[in-house]
């Protein structure tokens, strides 16, 4: 840090077990992603390739490798997961995660309604191979999620 500020905990070094920082890459160019890593990479633990941006992202594999080489774990956004599930292509999604060499996967139901039991099955299946992050909430206004 560039100066002292009270009540800010000391930042541990990677790999961190707590206080993880996730950054969303919504379609940065490879050069922009390199600039992000150069400027803040030591503070970033995870990069989420947001929404379905990885579907059209140029140099996707190169970008994933660049983040990984910087010690940053990468995963595909949950909306892309939902797009595969909505098309009955969950196994294709699993193959994609494997092909890209990712060790994280996000499961969400913010854009597509997925029954809770099905979502739990997707999580359990993916968890055999990768660490699963699950997003809770809806992109549609007025949808309330029960806390129980």
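Ordered by the count of other Cβ atoms within 10 Å of each Cβ, fewest first, 132, 112, 56 give 56, 112, 132. At an R0 of 25 angstrom, the distance between the Cβ atoms of residue 131 and residue 26 translates into a FRET efficiency of 0.70.
When the chain is treated as a Gaussian network with alpha carbon springs shorter than 10 Å, the biggest mean-square fluctuation among 64, 114, 72 belongs to 114.
Between segment 53-84 and segment 1-33, the C-alpha centres lie 18 angstrom from each other.
Could you work out Rg/(2.2 N^0.38 Å) for the chain, with Rg from alpha carbons only? Working shown, then result.
Working: Rg = 16.7 Å, N = 148, 2.2 N^0.38 = 14.7 Å.
My calculation over the Cα atoms of the chain gives 1.13.
All of the numbers you see were taken from the coordinates with simple rules; none came from a lab. Only a predicted model underlies this, so the values are computations on that prediction, with no experimental measurement involved. Positions of Cβ are backbone-derived with ideal geometry, glycine not excepted, and every protein chain shown enters the neighbour counts.
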